[in-house]
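Inspection log for the structure reproduced underneath, given as structure tokens.
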Amino acid sequence: MAKNKTRAVSRTAAESAVRTLLRWAGEKPGREGLRDTPKRVVNAYEDWFSGYAIDPGAYLRRTFEEVEGYDEMVVLRDISFESFCEHHMAPIIGRAHVGYLPSDRVVGYRAKKNSLPVDLGKIRAYRWSDYWDPVYPESGGKIVLEPEIFYLLLSAEGVSIPPQIAAEMMAYDPTAGELRTHYAGFFDPGFGYDPAGDRPGSRAALEVRARDVPFMVEHRQPVCKLGLEWMESPAERLYGTDLGSNYQGQVTMLSKHFEEQTAGV
């Protein structure tokens, strides 16, 4: 059952169904030992089937970042799990082992050449696969940017802009080659900033494309630098949840207009 979705069957109806099963089994639901059994059974089912309200993508989106030169399987062993057989509602209890190859993870997106317009007023309204192709790394964590194609990548490091500073993305080296990033990128005061120090900045979505010839990009390769400007006084309102900001603490490079993605984490 999706989170916050209205239940199709009320709790009263569920408890009544338990009483029906007790009668079918030959019991008397009204006797002292069984009076609260329907309530306890429904409570137990709420706990046992609470997984329907959990988004598995919240767990699967997290992978390991430091995988350069590592091409063996990453394995997590002995994961306890509890489930139920859908045919007989019998419990299934055991342990699972999960493994994956780091080179298989999605590290960016490449814009499709032909797609429909996007209404910027609609949030989480579009399937990302209709507009973007996933980008996978080659051996060693490298990717090749084809010329004149628009890519979205995510910075490996977090950015934290204090209240008294604003920042702008700038070319780190104009002689570095035929690589261009979108240098109209501005970071407002408060982007990635956490007064408590619990969050080490927010990662930045990078709009990148190569000119004329293919360009190889490696993990943690510098693509830009930040120009910092001191404010006359600290900003009164900071980038973040108080302003309804969408990209504070982001873990994906696609915008708020697309459905949740599992890439780039």
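Where a number appears in this text, it was derived from the coordinates with a stated rule and is not lab data. Predicted model, so just to flag it, every value in this text is computed and none were measured. Methodologically, a virtual Cβ is constructed for each residue, glycine included, from the backbone with ideal geometry; neighbour enumeration extends over all protein chains shown.
Which ³J(HN,Hα) values, rounded to whole Hz and listed in residue order, are derived for segment 234-240 from phi using the Karplus coefficients 6.51, -1.76 and 1.60 in 6.51 cos²θ - 1.76 cosθ + 1.60 with θ = phi - 60°, glycine and proline given as x?
Result, ordered by residue: x, 4, 6, 10, 9, 4, x Hz.
Between residue 186 and residue 138, how many nm apart are label points set 7 Å from Cα along the C-beta direction?
3.8
Quick check: residue separation of residue 231 and residue 130 times 0.36 nm, minus the Cα distance between them. What number comes out in nm?
Between residue 231 and residue 130, full extension yields 32.2 nm more.
Describe numerically, in nm with one decimal, the distance between label points set 7 Å from Cα along Cα→Cβ at residue 32 and at residue 46.
Rounded to a tenth, the inter-label distance reads 2.7 nm.
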